[in-house]
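**Q** Below is one structure. I have some questions about it.
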Amino acid sequence: MMELPDLVAGGLAAGTLSALALGGSLLRLRRQLTRQRAETAALRTQLDGSIRAFTAEVEHLADRRVPAAARQVAHPHLPEPGPLQPLTAGTSLGTALENVVLALQSEVAAQRTRVDAAAQAGMRGATREIQAALYRLQDALRGLQQRYDDPELAQTLFRLDHENEQSLRRAQVTAVVCGAWVGLAREESHLVDAVTGGQARLAGYHRVRVHNHLETGTALVSHAVEPVAIIVAELLDNALRHSAPDTDVVVSLEHVHHGVCVTVDDAGLGMTRDERDRAQRLVAGDDLILLTDLGDPPRMGLAAVGRLTRQFDLSVDVSSASPYGGVRAVLRVDSHLLSRLDPADRPPAASAPRTTRRTDGERPSPVPSHAYGTEAASGAPASVP
């Protein structure tokens, strides 16, 4: 039988072991709690950093990216800043922020288009009234020209009529850019008359030299006459404005495989590559035309050309340089827009340049193709009938 001291000693040993085990457990728990507190602190620090980074990214979006994205709708060449933290690219946050920018640009573009359409509608109504007043003035001036024979008065009336014709051209071009129809229905006309008719609408018409190499009787179908006259006038106006006043602008009318080309060459400074690319986009008529894209004051000539090329299936190219150092503009009129008039029944205007094209039994004209500075104009060219 175990004695009492042995029981006490055993109990003390067991208590000691239990105390040691409990102490070890408490130590492990304390260490685990310390680790958890350190991990919680690290997570809190990481969360605080993420919140600060997210806040900075949103502030960068509001302060820099959104304004730049809105400006880029009107000016695509302007740079758009990316995310503040490049590492966000490809993440859900980066995708969400990018969607914000894209949605903003889409809405700004839509609003811009709607506002511009409203402005164009208002301008169409205004130019319609201006055109009507100018046509009434034109009729009055031509009535006076027929009534009076005084040479000095006739010259004054001619100058007034020509000034009115230029105002009519500007109003017509504005209306065309704003989506209006060309406004005039004409009968079939000789193509050379449409070209000289466009020339007659310009202040510097006397600087234009027209070389006619077309077959006699080459004409335009009725609905193409006025668009061709407008396009030629705008191409010539562009050439005259961007070349020295003591130089000529050369126009050549040539047959090509699928129709006729009207080539306009000037001796100006030409265009840079960017200017030429922008001009080509305008005359092609593929891009949406907004008044706010045309400058202040708006330069509408090439935009009007683009509207007409798209509406009437014409083609204009301004991507080449002129052999005289400036710009070459080529209007192509395809065969389905061409007709033929009997010159015996309906001859071209008396002031229109005669064709240099040789027919059977005729001697060739001594005027070479593209003879710069030849065929001096005598007075104003005739308007389109």
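The values are calculated or read from the model by the stated rules, or taken from the named source; none is laboratory data. Worth saying up front: this structure is predicted, and the values here are computed from it rather than measured. Every residue, glycine among them, receives a Cβ derived from its backbone with ideal geometry; neighbour counts consider all protein chains shown. Heavy atoms of the whole protein, side chains included, go into the accessibility calculation; ligands, DNA and RNA do not. Shrake-Rupley method; radii C 1.70, N 1.55, O 1.52, S 1.80 Å.
**Q** Per the Cauchy relation, a quarter of the hull surface: what is the mean projected area of the convex hull of the alpha carbons in the stretch 151-213, in nm²?
**A** Average of the hull's projected areas for the stretch 151-213 equals 5.9 nm².
**Q** Which distance in nm do the two modelled labels at Leu26 and Glu254 give, with both placed 7 Å along the Cα-to-Cβ direction?
**A** Going by the 7 Å Cα→Cβ label model, 10.6 nm.
**Q** So what's the net charge close to Leu214: Lys and Arg +1, Asp and Glu -1, counting the other residues with Cβ under 9 Å from its Cβ?
**A** -1
**Q** Further, regarding this structure: Calculate what fraction, in whole %, of the accessible area of the stretch 171-298 sits on carbon and sulfur atoms when a 1.4 Å probe is rolled over the protein chains.
**A** Of all accessible area on the stretch 171-298, carbon and sulfur atoms account for 51 percent.
**Q** Once amide H atoms are built 1.01 Å from N in the peptide plane, which residues 5 or more positions from Ala219, or in another chain, come under 5 Å H to H?
**A** Amide H neighbours of Ala219: Leu191, Ser339, Arg340, Leu341.
**Q** Quickly rank 336-346, 145-155, 191-201, 266-276 as a protection proxy: mean count of other C-beta atoms within 10 Å, highest first. Don't skip to the answer; put the middle values down first.
**A** Numbers: 336-346: 14.0, 145-155: 10.6, 191-201: 26.6, 266-276: 15.5.
Most protected by this proxy first, the peptides run 191-201, 266-276, 336-346, 145-155.
**Q** Moving to a separate point now. Rounded to whole Å and ordered largest first, report the semi-axes of the equivalent ellipsoid of the stretch 313-360 derived from its Cα gyration tensor (root of 5λ).
**A** Over the Cα atoms of the stretch 313-360, the semi-axes work out to 28, 17, 10 Å.
**Q** Here's another thing I want to ask about it. Under the Kirkwood approximation for Rh and a Cα-based Rg, what ratio Rg/Rh is obtained for the stretch 160-261?
**A** Values: Rg = 13.9 Å, Rh = 14.4 Å.
Value, to two decimals: 0.97.
**Q** Now for a separate question. Modelling each spin label as a point 7 Å along the Cα-to-Cβ direction, I'd like the Ala126/Ile51 distance in nm, to one decimal.
**A** 5.5 nm
**Q** Another question, then. Under a 5 Å amide H to amide H cut-off, with H placed in plane at 1.01 Å, what residues pair with Ala321 once short-range neighbours are removed?
**A** Arg328
**Q** Per 0.36 nm of contour for each residue apart, how much would the distance between Gln311 and Glu163 grow if the chain were fully extended, relative to their Cα-Cα spacing?
**A** Full extension from Gln311 to Glu163 adds 50.4 nm.
**Q** Okay, next question. Tell me, what is the Rg over Rh of the stretch 63-117, with Rh the Kirkwood radius over Cα pairs?
**A** Radius of gyration relative to Kirkwood radius: 1.04.
**Q** Sort the following peptides by mean Cβ neighbour count (other Cβ atoms within 10 Å, averaged over residues), highest first: 288-299, 317-328, 123-134.
**A** Ranking, from highest mean packing down: 317-328, 123-134, 288-299.
**Q** How large is ³J(HN,Hα), in whole Hz, for each residue of the stretch 279-285 in order, when computed from phi with the Karplus curve 6.51 cos²θ - 1.76 cosθ + 1.60 and θ = phi - 60°, using x for Gly and Pro?
**A** Values per residue, Gly and Pro as x: 4, 5, 5, 5, 6, 5, x Hz.
**Q** In addition: Rounded to whole Hz and in sequence order, give me ³J(HN,Hα) for the stretch 154-171 from the Karplus expression 6.51 cos²θ - 1.76 cosθ + 1.60, θ = phi - 60°, writing x for Gly and Pro.
**A** Whole-Hz 3J(HN,Hα) from phi for the stretch 154-171: 4, 5, 5, 5, 4, 4, 5, 5, 5, 4, 5, 4, 5, 5, 4, 4, 5, 5.
**Q** Oh, and also: Relative contact order, percent, of the stretch 118-214 when contacts are C-alpha pairs under 8 Å separated by at least 6 residues?
**A** Values: 53 pairs, mean separation 31.9, N = 97.
Once normalised by length, the contact order is 33 percent.
**Q** Skipping prolines and chain starts, which residues have an amide H placed within reach, meaning under 5 Å, of the one on Val249, given they are 5 or more residues away or on another chain?
**A** Those lying under 5 Å, H to H, from Val249 are Val208, Arg209.
**Q** Could you please state, rounded to a whole Å, how far the C-alpha centre of the stretch 301-337 is from the C-alpha centre of the stretch 118-188?
**A** Answer, in whole Å: 24.
**Q** How large is the dipole of the stretch 146-303 about the Cα centre if only Lys and Arg carry +1 and Asp and Glu carry -1, each at its Cβ, rounded to the nearest 20 debye?
**A** So the magnitude is around 240 debye.
**Q** With the Cα gyration tensor of the stretch 19-124 in hand, convert its eigenvalues to equivalent ellipsoid semi-axes via √(5λ) and list them largest first in whole Å.
**A** Largest first, the stretch 19-124 gives 56, 12, 9 Å.
**Q** Using a simple spin-label model with points 7 Å from Cα along the Cα→Cβ vector, what separation in nm is obtained for Arg299 and Ser92?
**A** 5.1 nm
**Q** For the stretch 106-159, what ratio Rg/Rh do Cα atoms give with a Kirkwood hydrodynamic radius?
**A** When Rh is taken as the Kirkwood radius, the ratio is 1.43.
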